[in-house]
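Visitor: What follows is a single structure, and I will ask about it in a moment.
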Amino acid sequence: MGYARRDGELCADGVPLERIATAVGTPAYVYSWPSVREQFARIDTALAGIDHRICYAVKASSNLAILARLATLGAGFDIVSGGELERVLRAGGDPGRVVFSGVGKSTADIDFGVKCGIDAFNVESASELARLESRARLLGCKARMSVRVNPDVDANTHPYIATGLKENKFGVAPGQALELFSRASASPDLTVAGIDCHIGSQIADVEPFEAALAALLELVDTLDRGGISLDHVDIGGGFGITYADEPALDIDILGEVLRNNLAERPLQLRVEPGRCLVADAGVLLTRVEYLKPAPAPGHRNFAVVDAAMNDLIRPALYQAWHAVEPVVESGGTPKRWDVVGPVCETGDFLALDRVLALNEGDLLAIRTAGAYGFAQSSNYNTRPRVPEVLVDGEDFAVVRKRETVADVLRLETLG
């Protein structure tokens, strides 16, 4: 399952990537459904022996075809907007298995979630709790809620994706969490459901998760002594994967630690993986438009491709590293290339200083691009967004059509 070479050509499961590129053009995102399914099963198995629910973080890759297939596996969903809730519903997801995170839920977001009867709002401030209570009362519905706690645990990750430190905008301090639980439990319009945290992304060590869980369980015990019982504890996601040579989180060891800490506790465990389910399953296909070899020593070699930072912004935004490989090896002389796009920004690069044997017209695969690739793409430079293709065994289907310039301009007027 996933990506491997057959007779020298890189394939997604049983489908040659050159065949997909010929059918749909480039750039294009390609996802291997068997890879996603296998990773979901791996997490599910690691958590065996614990009452648990895997709530997929929709923001990682939100295509309806992926969401629909995850729903058939029994996944719940972690959302951060009303738009993501609409996606889950259109994909056939159960709103009763949805948790709603995010620090800035609008009134419209809250109303939508309350009317749909989602499983829990992960409340992140006193003001949000007050808004949730008032909207539930107005709508005549009782809203289920959790409190997202900021446990001040260092996840040892990139500062842009660290979310569990006291200087981060997410969640509330433990002391304030107790106050919010007390207020919520006294409200006839709210049902206290659980406690939540999310300490960051790309976490490779088990220890930060164990420390965060310990902080949550200490609050659970304090609440229990005060007569407030919870039905679940949510430790978020952020399970680290390998892009270059960094270690991935050992899911099996995490499962063992969670079992040890949750033994004999009447709490369902929730986890919110996103990246670790879909990143390895995706590639961005792009063709080399032009080669600009260095004119003199000390200059750089540029391979200008048809994908750009608007298609995959992670390298420009996070200095993220993605492996790049030709779909079919050309057999030419390897050189050090900067793989860059056509957007008018010096930051428009997909990979720097890579040793590759390239020719103009070569098809390249940007690996590990299934998470935060298409989901963060844009129309910068009036570039239509690329298609998404889902591979399942020997078959593939276009699950999002390529945009046209007419699509991009459709909502604009001359005023």
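The values are calculated or read from the model by the stated rules, or taken from the named source; none is laboratory data. If you're wondering where the values come from, they're calculated on a predicted model, not measured in any experiment. A quick note on method: Cβ atoms are made from the backbone with ideal geometry, for glycine too, and the neighbour counts reach across all protein chains shown.
Visitor: Conditions first: (1) over 21 Å from residue 312 (Cα atoms); (2) touching a residue at least 60 places away in the same chain (Cβ under 8 Å). Residue 6 passes all but one, so which condition is the exception?
Guide: With respect to (1) over 21 Å from residue 312 (Cα atoms); (2) touching a residue at least 60 places away in the same chain (Cβ under 8 Å), residue 6 is out only on (2).
Visitor: Next question, about the same structure. Taking only pairs six or more apart or across chains, which ones have beta-carbon atoms under 7 Å, a first residue in the stretch 328-339 that is more than 17 Å from residue 304 (Cβ to Cβ), and a second residue that is surrounded by 14 or more Cβ atoms within 10 Å (Cβ to Cβ) and not aliphatic (A, V, I, L, M)?
Guide: 328/9; 328/18
Visitor: Sticking with this one: State the number of residues belonging to the stretch 304-327 that are of a type in the set (A, V, I, L, M, F, W, C), out of contact with any Pro (no Cβ under 9 Å at 6 or more places or on another chain) and in contact (Cβ under 8 Å) with a residue 60 or more places away in the chain.
Guide: Taking the stretch 304-327 and keeping what is of a type in the set (A, V, I, L, M, F, W, C), we get 304-305, 307-309, 312-313, 316-317, 320-321, 323-324, 327.
Next, from what is left, pick out any that are out of contact with any Pro (no Cβ under 9 Å at 6 or more places or on another chain): 313, 316-317, 320, 323-324.
From what is left, the residues that are in contact (Cβ under 8 Å) with a residue 60 or more places away in the chain are 313, 317, 320, 323.
Going through the stretch 304-327 one residue at a time, the tally reaches 4.
Visitor: Also: Looking at residue 186 and the list (1) more than 19 Å from the chain's Cα centre (by Cα); (2) crowded, with 16+ Cβ neighbours inside 10 Å, which single condition is not satisfied?
Guide: (2)
Visitor: Could you check the stretch 84-93 and list, in sequence order, the residues that are surrounded by fewer than 17 Cβ atoms within 10 Å (Cβ to Cβ) and within 15 Å of residue 70 (Cα to Cα)? Lay out the reasoning, then the answer.
Guide: Looking only at the stretch 84-93, we keep the residues that are surrounded by fewer than 17 Cβ atoms within 10 Å (Cβ to Cβ), and these are 86, 89-90, 92.
Result: 89, 90, 92.
The rows are residues; the columns are (1) surrounded by 18 or more Cβ atoms within 10 Å (Cβ to Cβ); (2) over 17 Å from residue 273 (Cα atoms); (3) not assigned by TED's automatic domain parsing to the domain that holds residue 309.
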site	(1), (2), (3)
8	no, yes, no
14	no, yes, no
38	no, no, yes
61	yes, no, yes
77	yes, no, yes
107	no, yes, yes
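Visitor: Let me ask something additional. Among the residues in the stretch 264-271, are any surrounded by 24 or more Cβ atoms within 10 Å (Cβ to Cβ), more than 30 Å from residue 229 (Cα to Cα) and touching a strand residue (DSSP E or B) at 6+ places or on another chain (Cβ under 8 Å)?
Guide: No, because not a single residue in the stretch 264-271 is surrounded by 24 or more Cβ atoms within 10 Å (Cβ to Cβ), more than 30 Å from residue 229 (Cα to Cα) and touching a strand residue (DSSP E or B) at 6+ places or on another chain (Cβ under 8 Å).
A quick yes/no check of all residues on (1) of a type in the set (S, T, N, Q); (2) without any contact (Cβ under 8 Å) to a residue 40 or more places away in the chain:
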residue	(1), (2)
361	no, no
369	no, no
377	yes, no
404	yes, yes
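Visitor: Which count do you get for residues in the stretch 296-311 that are surrounded by fewer than 24 Cβ atoms within 10 Å (Cβ to Cβ), touching a strand residue (DSSP E or B) at 6+ places or on another chain (Cβ under 6 Å) and not basic (Lys, Arg)?
Guide: 4
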